[in-house]
Amino acid sequence: MPMDAGEIERLIKEEFPDATVTIEDLRGDGDHYAAHVVSAAFAGKTRVQQHQMVYAALKGRMGNELHALALQTSTP
């Protein structure tokens, strides 16, 4: 079952309350999204660590309800 963009944003903001989250449905199918997440929590972390943090916030939905996520992360 596809995942709603609002649900992706909610899960990320639960983990990173300060985050600015922008979600784009790339194909209109609810399975392929792009996300840009800006949070102070990423300070001092490598890009890989930042992405791992976001994937952890999605609580196992990556690869299940959420098929593909093109992810960009940064600090404010």
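Tabulated data
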| item | result |
| --- | --- |
| Centre separation in Å (Cα based) which lies between the stretch 54-76 and the stretch 4-27 | 9 Å |
| Base-10 log of normalised Debye intensity for the chain (one unit scatterer per alpha-carbon) at q = 0.12, 0.22 Å⁻¹ | -0.28, -0.94 |
| By average C-beta atoms within 10 angstrom, highest first, the peptides 61-67, 33-39 | 33-39, 61-67 |
| 3J(HN,Hα) from dihedral phi, the stretch 18-25, Karplus parametrisation 6.51/-1.76/1.60, rounded to Hz, x for glycine, proline | 7, 5, 9, 10, 10, 10, 10, 7 |
| Solvent-accessible area per residue, Å², over the chain with all protein chains present [probe radius 1.4 Å] | 57 Å² |
| Degrees between helix 5-15 axis and first principal axis of the chain (Cα, 0 to 90, nearest 10) | 30 degrees |
| Farthest positive-ward along the chain dipole, Cα basis, beta-carbon charges - from Leu26, Leu71, Phe42 | Phe42 |
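The values are calculated or read from the model by the stated rules, or taken from the named source; none is laboratory data. Note that the structure is predicted; figures quoted are calculated from it, not measured. Reconstructed Cβ throughout: ideal geometry from the backbone, glycine too, with neighbour counts over all protein chains shown. We work out accessible area using only protein heavy atoms, side chains counted, and drop any ligands, DNA or RNA first. Shrake-Rupley method; radii C 1.70, N 1.55, O 1.52, S 1.80 Å.
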